[in-house]
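S.K.: I'd like to ask some things about the structure below.
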Amino acid sequence: MKRISLVMVTAAAFLGIGAASADGQYWGGFTKSQTYGSSAINSVVTDIYDDHDNPQLIGQKMTVNINPTAGVGQPTAYYVGIGINNTMSGMYTSSGWKAYKSGLYEPAAIDAGGHETFTVFGGDMTICQSVARQVMLNEDGIGNVGSVQFYAGYGYITPENQATMEKLYSQHATTVPSDTMQLMYAQTQMMQSKAYQKIYSVDCSIGN
């Protein structure tokens, strides 16, 4: 079973998912859920155990919640990312996990600044197994994944940014696609306002 490092723990409770009952029973075993992060940006990780005399971790479900505290009502990009050994390596997108190489982050969704929830791992494997599988699918081989960090955040397009874009396009002063420029503004705003944080970390080194 992996050794999990807790990051800013804010709540802990025994919860069930799927066919679980109120006391946390799950398919003959049991589950344990815990929240990591803040009230605005957090993850809920549900550990799923088997029903053996010495219960073993058989899966982990991860849900990410992003509740903007600024820019509500403005066009907002929601981001979920993964780092491996403290290097940005992947992004959760509308079509699932993708490798990150360089440039702009691809958002998980774009909306009008309300609460968003993303189930980034469904629980059929542990988080470490899921990450190793994604690394393999990205043709980097499985190997020793090492330490893994998860991040989430949001960035919105301010009215001033929108006015600037309208002026640029009306004057034909740029050839940058409008979707790309919106993401540039949203990511810049997120980084400048520090509207992101680490929401979970785990040691996936071999032997842990």
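S.K.: Can you name the condition, by its number, that residue 117 falls short on among (1) surrounded by 14 or more Cβ atoms within 10 Å (Cβ to Cβ); (2) part of a strand (DSSP E or B)?
M.R.: (1)
S.K.: For the stretch 179-188, does any single residue satisfy the condition of being more than 28 Å from residue 75 (Cβ to Cβ) and either surrounded by fewer than 20 Cβ atoms within 10 Å (Cβ to Cβ) or of a type in the set (Lys, Arg) (or both)?
M.R.: no
S.K.: Then there is this: Of these, 45, 64, which one is touching a residue at least 40 places away in the same chain (Cβ under 8 Å), within 18 Å of residue 147 (Cβ to Cβ) and in a strand (DSSP E or B)?
M.R.: Result of the check over 45, 64: 45.
S.K.: Here's a follow-up. Conditions first: (1) under 25 Å from residue 107 (Cα atoms); (2) modelled with pLDDT under 50. Residue 45 passes all but one, so which condition is the exception?
M.R.: (2)
S.K.: Moving to a separate point now. For the stretch 48-67, what are the residues that are closer than 21 Å to residue 110 by Cβ and open to solvent by 20 Å² or more (accessible area, probe 1.4 Å)?
M.R.: 63, 65, 67
S.K.: Please report, ordered by residue number, the strands (runs of 3 or more DSSP E) entirely within the stretch 68-110 with at least 1 residues that are open to solvent by less than 30 Å² (accessible area, probe 1.4 Å), in contact with a helix residue (DSSP H, G or I) (Cβ under 9 Å, 6 or more places away or on another chain) and under 16 Å from residue 184 (Cα atoms).
M.R.: 76-84
S.K.: May I ask you to list the residues in the stretch 189-208 that are modelled with pLDDT of 95 or more, aliphatic (A, V, I, L, M) and open to solvent by 30 Å² or more (accessible area, probe 1.4 Å)?
M.R.: Within the stretch 189-208, 191 is the sole residue that qualifies.
The values are calculated or read from the model by the stated rules, or taken from the named source; none is laboratory data. Everything quoted here is computed from the prediction, not taken from an experiment. Here the Cβ is made from the backbone with ideal geometry for all residues, glycine too, and neighbour counts use every protein chain on show. For the accessible areas, the whole protein counts, side chains as well, though only heavy atoms, and no ligand, DNA or RNA atoms are used. Shrake-Rupley method; radii C 1.70, N 1.55, O 1.52, S 1.80 Å.
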